[in-house]
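Undergrad: There's a structure below that I have some questions on.
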Amino acid sequence: MKALIALVSAGLGATGLLWWVLGLPLGVDTAVYRAGGWAVLHGEPLYEHLRALPEWTPELPFTYPPFAALLFTPFATLPAQLCWSLLAMTAAPALLVTVRAFTDDRRWWLVLGGFALYPVWQGIGLGQVNLVLMTLVVTDVLVLRDSRYRGLLIGLAAAIKLVPLIFIGHLLLTGRRTAALRALGAFAAATALGFLVLPEDSVRYWTSAIFNDHFAQTKGWIGNQSWQGFVARTAPEDWGLPLTAGFCVLAVFASALVARRLHLAGDARGALLTTAGCALLVSPISWTHHWVWLVPLLAFRPSLRLLAPVFALPVAITGELYLITAVVLLGARVRAPSRRLTRARSLR
């Protein structure tokens, strides 16, 4: 398995090198990360026009917190295609760690099968960091367990991209208060570092850039598979706020109930997947490449693997399938965990 993972990583790395030699575009989002790191090194405003964007990249903004831009500064020394290589080479190890945390099945095809899913191969093509962030959360919750360092990886992931903040709530919900405080401290420390090194950009981000105009303009695109995106596509504008707020409150309450019950029943994996699904539903923006959590879901729930070929298709074909799947699974679990918990208690 390790040799196979190394081979896949080497192949992805070589792809970026070849694309650079041929002068071909590769990794739009990685190019944005690189341009953000370049802006930091050259004292340019981070949340305005990024001067280091390649000509083949659309005019995209840097949407992550300043701390993330600090991490991306090494990218500024490399061509965009080689930056893509570095991120792409993390995909196979990330999938290996995640799949092994969710199943005892060690068959190689479970890992390589993840590459066939649309969120994964789209994210790799774009040069996204979502697989890395997911692996940080999975490692923190399921691998480290009672380690004194538990919580730090979640705090780091949240400082890079805010959505993982929900997993601090997951730690609290599952009785890991010390780990939750550790995660919050790591997030605060990383954010404070951003303020220390990039004070103007930090003020700009937390007061205005966090409410990104780009996201507001593209929220209704089919690639946004969050509930808010669904409402923007299907409901009258006047209904948007009440429909979104009402559903999000219900989804958070139901997810917390299910995750807590699963945790008490000894199902830490199911509890984590529930919280991840909640994050995808209630986040204002959940692009399809954010749905890499389908990989551990399909690894953990063999009965759902029949859907894998469908999730390999572009979202233009599958429509609202991501959203519908998350809502149906959450609804099915609202009552099911209580019966499982009763059985688990009866065996003690």
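The values are calculated or read from the model by the stated rules, or taken from the named source; none is laboratory data. This is a predicted model, so every value here is computed, not measured. No Cβ is skipped: glycine too gets one built from the backbone with ideal geometry, and neighbour counts run over all protein chains shown.
Undergrad: Taking the condition closer than 23 Å to residue 111 by Cα, free of Cβ contacts under 8 Å to residues at least 24 places away in the same chain and either surrounded by fewer than 17 Cβ atoms within 10 Å (Cβ to Cβ) or in contact with a Gly (Cβ under 8 Å, 6 or more places away or on another chain) (or both), does residue 306 pass? Break it down stepwise before answering.
TA: Values: closer than 23 Å to residue 111 by Cα: yes; free of Cβ contacts under 8 Å to residues at least 24 places away in the same chain: yes; either surrounded by fewer than 17 Cβ atoms within 10 Å (Cβ to Cβ) or in contact with a Gly (Cβ under 8 Å, 6 or more places away or on another chain) (or both): yes.
In short, yes.
Undergrad: Just to verify a result, which residue in segment 162-183, among those that are surrounded by 19 or more Cβ atoms within 10 Å (Cβ to Cβ) and of a type in the set (Lys, Arg), is farthest from residue 274 (Cα to Cα)?
TA: This residue is 182.
Undergrad: For residue 158, state whether it is more than 17 Å from the chain's Cα centre (by Cα), small (Gly, Ala, Ser) and crowded, with 19+ Cβ neighbours inside 10 Å.
TA: Values: more than 17 Å from the chain's Cα centre (by Cα): no; small (Gly, Ala, Ser): yes; crowded, with 19+ Cβ neighbours inside 10 Å: yes.
No, not satisfied.
Undergrad: Quick check on segment 201-219: of everything there that is surrounded by 13 or more Cβ atoms within 10 Å (Cβ to Cβ) and charged (D, E, K, R), which residue is farthest from residue 70 (Cα to Cα)?
TA: The qualifying residue farthest from residue 70 (Cα to Cα) is 219.
Undergrad: From the residues in segment 17-35 that are surrounded by fewer than 18 Cβ atoms within 10 Å (Cβ to Cβ) and of a type outside the set (Val, Ile, Thr), which one is nearest to the chain's Cα centre (by Cα)?
TA: Of all residues in segment 17-35, those surrounded by fewer than 18 Cβ atoms within 10 Å (Cβ to Cβ) come to 17-18, 21-25.
Imposing the further condition that a residue be of a type outside the set (Val, Ile, Thr) reduces the set to 17-18, 22-25.
On the way: 17: 26, 18: 28, 22: 31, 23: 30, 24: 27, 25: 24 Å.
Taking the candidates together, the pick is 25.
Yes or no, residue by residue, for (1) over 17 Å from the mean Cα position of the chain (by Cα); (2) polar (S, T, N, Q):
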{"site": "216", "(1), (2)": "yes, no"}
{"site": "232", "(1), (2)": "yes, no"}
{"site": "241", "(1), (2)": "yes, no"}
{"site": "250", "(1), (2)": "yes, no"}
{"site": "256", "(1), (2)": "yes, no"}
{"site": "259", "(1), (2)": "yes, no"}
{"site": "288", "(1), (2)": "no, yes"}
{"site": "294", "(1), (2)": "no, no"}
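Undergrad: Out of 262, 281, 272, report the one residue that is closer than 24 Å to residue 63 by Cβ, part of a helix (DSSP H, G or I) and not aromatic (Phe, Trp, Tyr).
TA: Values: 262 fails: closer than 24 Å to residue 63 by Cβ; 272 fails: closer than 24 Å to residue 63 by Cβ.
After applying the criteria, what remains is 281.
Undergrad: So, one more: What residue, of 255, 303, 286, 226, is under 21 Å from residue 99 (Cβ atoms) and among the polar types (S, T, N, Q)?
TA: Working: 255 fails: under 21 Å from residue 99 (Cβ atoms); 286 fails: under 21 Å from residue 99 (Cβ atoms); 226 fails: under 21 Å from residue 99 (Cβ atoms).
Every option except 303 fails the conditions.
Undergrad: On to the next question. For residue 161, all conditions in the list (1) free of Cβ contacts under 8 Å to residues at least 24 places away in the same chain; (2) closer than 21 Å to residue 294 by Cβ; (3) of a type in the set (D, E, K, R) hold save one; what is the number of the exception?
TA: (1)
Undergrad: Give me the helices (runs of 4 or more DSSP H) completely within segment 95-175, filtered to those with at least 3 residues that are modelled with pLDDT of 95 or more, ordered by residue number.
TA: Qualifying helices (runs of 4 or more DSSP H): 118-126, 130-138, 152-160, 166-173.
Undergrad: In addition: Is it true that residue 99 is buried (at least 20 other Cβ atoms within 10 Å of the Cβ) and under 17 Å from residue 273 (Cα atoms)? Reasoning before the result, please.
TA: Numbers: buried (at least 20 other Cβ atoms within 10 Å of the Cβ): yes; under 17 Å from residue 273 (Cα atoms): yes.
Criteria met by residue 99.
Undergrad: Go through segment 27-68 residue by residue and tally those that are small (Gly, Ala, Ser) and in a loop (DSSP other than H, G, I, E, B). Break it down into steps so the answer makes sense when it comes.
TA: As a first pass, look at segment 27-68 and keep what is small (Gly, Ala, Ser): 27, 31, 35-37, 39, 43, 52, 68.
Add one more test, that the residue is in a loop (DSSP other than H, G, I, E, B), and what stays is 27, 43, 52.
The total comes to 3.
Undergrad: For a quick check of your reading of the model, give me the residue pairs whose first member lies in segment 193-205 and is among the basic types (Lys, Arg), whose second is surrounded by 15 or more Cβ atoms within 10 Å (Cβ to Cβ) and at pLDDT 95 or above, with beta-carbon atoms closer than 7 Å and at least 6 apart or on different chains.
TA: Going by the 7 Å Cβ cut-off, the qualifying pairs are 204/47.
Undergrad: Could you please give the count of residues in segment 222-238 that are exposed (fewer than 15 other Cβ atoms within 10 Å of the Cβ) and part of a loop (DSSP other than H, G, I, E, B)? Step through it out loud before you land on a result.
TA: Narrowing segment 222-238 to residues exposed (fewer than 15 other Cβ atoms within 10 Å of the Cβ): 233-238.
If we keep only those that are part of a loop (DSSP other than H, G, I, E, B) too, we end up with 235-236.
Counting residues in segment 222-238 that are exposed (fewer than 15 other Cβ atoms within 10 Å of the Cβ) and part of a loop (DSSP other than H, G, I, E, B) gives 2.
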